[in-house]
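Q: Dropping a structure here in structure tokens format, bear with me for questions.
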Amino acid sequence: MKQKKAYTYRFYPTDEQAHILARTFGCCRYAYNWALRARTDAFFQRGERLYYNQLAGMLTELKKQEETAWLSEVSSVPLQQALRHLDTAFRNFFEGRTEYPTFHKKHGAQAATYATNAFSWNGHSLTLAKMKTPLDIHWSRPLPTGCKPSSVTITKDCAHRYFVSILVEEEIKHLPVVNKQVGLDLGLKSMVITSDGHTFGNPKFFAKDEKKLAKAQRRHAKKQKGSKNRRKAQLKVARIHARITDRRRDSQHKLSTEIIRENQVVCVESLHVKNMVQNHKLAKAISDVGWSEFVRQLAYKAEWYGRTLIKIDKFYPSSKRCFDCGHVLDSLTLDIRHWTCPECGVQHDRDINAAKNVLAAGLAVSACGEAVRPGAVKTNPGRSPRSRKAHS
Ligand SMILES: [Zn+2]
């Protein structure tokens, strides 16, 4: 099965490239914001919906006007792509997946997408439109040999780092079938606990970085507004943020790949269910470990490798239910790590018992035949997360 896969690398632009990119980012942002304004006005003033084709025509007209002629100084392709991104943002909004699109800000992360007619790829180097030299890319892992990139997205994050994300179509082979199924639960001491008793990750992993971040944020707040020192402090905050995000993503990817490789069937509770657990401490732990991102990774990797992910969308007491006899406790506070079932006398590790219940519930859901198909099972299709480009 052919799958689209994005490979992201850091790169280091020359002064000339950085200059061209800065202008391109600025023009893309302008085009996006201008089109968002035009679409919003058209809707509120005339009840009309504007789409890519009309907007692309209007953009060509805009470039002919004297005060916006500078839009022609950069490659036209990223500007058209910005309009396409807006189309996607509106589609996501109309289909109920996201909020109404918002304006792109000058001080946020910047991005520009180049379609095939705006870059050249010779098998080992990548040159963008309007640039004389190829990008100096740090190839942290190889691109599949013989691949033909279908688009290239350049981003500059708030920590002033440049990344290139290369989208390729790739044949991904299903893994050999294994005879193992597992339920996962979110732990407080470990990020993930499996029904067979393995624990992965540690939410405290980032505690040190977070202390540093808090310190940098306090320093930033003390600096005078608009001063050079404040901008410097802001950059420092952004760099620590970026480091935390990178490390978290790396550990989530390692973990989701490992779990998908080792198991044929994986059962999890959806974030929707997790959020129903009205507990402040647990809610913080959930947001810290990024449960929804983790489940998203499991979902697309399951599809790639021919595994089944079962998401449980209905609430049931996975922690309070005794896996062995089915007895349900009245309450189980978070500080209790181990408990003994008053009915059958079995001793439970709180998290492993919960993960076993998740597995049992997931298998029951799939046996009842609710939308079972290879790769993924959704018990409530209306709640599927919006599809995003996949990273391995
Ligand atoms: Zn029991």
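The values are calculated or read from the model by the stated rules, or taken from the named source; none is laboratory data. In this text, all values refer to a predicted model and were calculated from it rather than measured experimentally. Methodologically, a virtual Cβ is constructed for each residue, glycine included, from the backbone with ideal geometry; neighbour enumeration extends over all protein chains shown. These accessible areas exclude ligands, DNA and RNA; they are computed on the full protein's heavy atoms, side chains included. Shrake-Rupley method; radii C 1.70, N 1.55, O 1.52, S 1.80 Å.
Q: State the percentage of accessible surface on the chain attributable to carbon and sulfur atoms; use a 1.4 Å probe and exclude ligands, DNA and RNA.
A: Numbers: 11450 of 21940 Å².
Reported share for carbon and sulfur atoms: 52 percent.
Q: Here's another thing I want to ask about it. With a cap of 14 neighbouring Cβ atoms within 10 Å, and only residues DSSP puts in a loop, list the chymotrypsin sites (Phe, Trp or Tyr not before Pro) found in the range 85-125.
A: Here the chymotrypsin sites (Phe, Trp or Tyr not before Pro) that fit, given the DSSP loop and packing criteria, are F103.
Q: Of H160, H241, H327, which has the largest mean-square fluctuation in a 10 Å C-alpha GNM of the chain?
A: Judging by the Gaussian network model, the answer is H327.
Q: Do any trypsin sites (Lys or Arg not before Pro) in the range 42-79 lie in a loop, going by DSSP, with at most 11 other beta-carbon atoms within 10 Å of their beta carbon, and if so which? Each step should come with its number before you reach the end.
A: Working: sites: R46, R49, K63, K64; in loops: R49.
Within the range 42-79, the qualifying trypsin sites (Lys or Arg not before Pro) (loop, at most 11 other Cβ atoms within 10 Å) are R49.
Q: Would any residue of the range 9-25 have its amide N under 14 Å from a label point 7 Å out along Cα→Cβ of D136? List them or say none.
A: So the set is 10-19.
Q: Pick out, in residue order, every one of the trypsin sites (Lys or Arg not before Pro) in the range 211-241 that is DSSP loop and has at most 15 other C-beta atoms within 10 Å; say none if there are none. Walk me through the numbers on the way to the answer.
A: Numbers: sites: K211, K212, K215, R218, R219, K222, K223, K225, K228, R230, R231, K232, K236, R239; in loops: K223, K225.
Those that pass, being in a loop and sparsely packed, are K223, K225.
Q: HN-Hα J couplings of the range 88-94 from phi, Karplus 6.51/-1.76/1.60, θ = phi - 60°, integer Hz, Gly and Pro as x?
A: Using θ = phi - 60°, the values come out as 5, 4, 5, 4, 4, 5, 5 Hz.
Q: Where in the chain lies the longest segment free of GluC sites (Glu not before Pro) that are both loop residues by DSSP (not H, G, I, E, B) and have at most 10 other Cβ atoms within 10 Å?
A: Values: sites that count: E95, E99.
Counting at most 10 other Cβ atoms within 10 Å as exposed, the longest clean stretch of the chain is 100-392.
Q: Further, regarding this structure: Send over a whole-number figure in Å² for the accessible area per residue of the range 43-186, probe 1.4 Å. Don't skip to the end; give the middle numbers.
A: On the way: 8670 Å² over 144 residues.
The answer is 60 Å² per residue.
Q: Given the pairs K2/K356; K173/K356; K130/K225; K105/K236, which are separated by over 26 angstrom at their Cα positions?
A: K2/K356; K173/K356; K130/K225
Q: Among L79, L332, L55, whose mean-square fluctuation peaks in a Gaussian network model of the chain (Cα, cutoff 10 Å)?
A: Greatest mean-square fluctuation among the candidates belongs to L332.
Q: Hey, in the GNM for the chain with a 10 angstrom Cα cutoff, which one of A214, A115, A361 fluctuates hardest?
A: Sorting by GNM fluctuation, first place goes to A214.
Q: So what are the ³J(HN,Hα) numbers for the range 145-151, from phi and the Karplus equation (6.51, -1.76, 1.60; θ = phi - 60°), rounded to whole Hz, Gly and Pro as x?
A: 5, x, 6, 10, x, 9, 7
Q: If you don't mind, another one. Sorted by accessible area (1.4 Å probe), largest first, how do V74, V178 line up?
A: Working: V74 10, V178 50 Å².
Descending order: V178, V74.
Q: Give the angle, between 0 and 90 degrees and rounded to the nearest 10, that separates the Cα long axis of helix 350-367 from the longest principal axis of the Cα atoms of the chain.
A: 80
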